[in-house]
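Trainee: Sharing a structure here in structure tokens format.
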Amino acid sequence: MGLDKKVWETVNSSGLKKKLKNCRTTICECIQEFLENGMNDPHHGLPNRFSRMLADNAVSSGIEAHKTQIEAQQRGMQEALRMYDDNGCPPGGKPARVDEYARMAPPTQADWEAKHGRPMPEYSTMQRIGWGAVGVAGIVATGVAILSPFDGPFGDVAAGAGTAAAWSRAFNLGRTLSTAF
């Protein structure tokens, strides 16, 4: 079955609510899994998010969006921690440092600059225009390839290869430019 609706219907965090709604074990085990995922997920785990915000290739325009996402995740983790304690779950079942990360202020641009000893980079207008131009060029190349005299599978292959190559170049150019500063 699952946990009683009374357990999860008043939960504010959508991720925690989903975890509890689909829980097939005990409330303590499900909250523990939620907390472990919030700490250990390779992409969304709080330690990894904090680390990425301080990485060499971070740009200042990403700070506010990441801060908002981290704060929302922290609210869910804090709610889970309260439920964990309120339900008498065993203290040793929580992931290491979860209490710390659930309340730690997200990194700021000043934190990045202090760590790296230089101003935090930002994509320039020319870099943004360059990304757009490469994408448009890929779309145009795809259109030309589709309308070209290559009929049948050869035209389709040329169209797919042109688009894939253009976006690959744009992605690699963006990565190169973002790490150049």
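Trainee: Output the peptides 71-82, 14-25 sorted from most to least packed, where packing is the average of other Cβ atoms within 10 Å over each peptide's residues. Walk me through the intermediate numbers first.
Mentor: Numbers: 71-82: 17.7, 14-25: 15.7.
My ranking of the peptides, most packed first, is 71-82, 14-25.
Trainee: Give me the 1.4 Å probe accessible area per residue for segment 69-117, excluding ligands and nucleic acids, in Å².
Mentor: Solvent-accessible surface per residue comes out at 55 Å².
Trainee: A follow-up question, please. For segment 33-128, what % of the accessible area comes from carbon and sulfur atoms, probe 1.4 Å?
Mentor: Ligands and nucleic acids excluded, carbon and sulfur give 52 percent.
Trainee: What spacing in nm lies between the two simple spin-label points modelled at Arg118 and Cys28, each 7 Å away from Cα in the Cβ direction?
Mentor: 5.2
Trainee: Related question: Defining a contact as two alpha carbons under 8 Å apart and six or more residues distant in sequence, what relative contact order in percent does segment 5-93 show?
Mentor: Taking the mean separation of contacting Cα pairs over the length of segment 5-93, I get 34 percent.
Trainee: Give me the aspartates and glutamates in straight-line cross-link reach of Lys17: C-alpha distance below 15 Å, same-chain residues under 8 apart excluded.
Mentor: Asp4, Glu9, Glu29, Glu33, Glu79
Trainee: Okay, next question. Show me the ranking of peptides 38-45, 91-98 by mean Cβ neighbours inside 10 Å, starting with the highest.
Mentor: 38-45, 91-98
Trainee: Which lysines, if any, have their Cα less than 29 Å from the Cα of Lys19, not counting same-chain residues under 8 positions apart?
Mentor: Filter leaves Lys5, Lys6, Lys67, Lys94.
The values are calculated or read from the model by the stated rules, or taken from the named source; none is laboratory data. Computed from a predicted model, the values in this text were never measured in an experiment. A quick note on method: Cβ atoms are made from the backbone with ideal geometry, for glycine too, and the neighbour counts reach across all protein chains shown. The accessibility values were calculated without ligands, DNA or RNA, using every heavy atom of the protein model including side chains. Shrake-Rupley method; radii C 1.70, N 1.55, O 1.52, S 1.80 Å.
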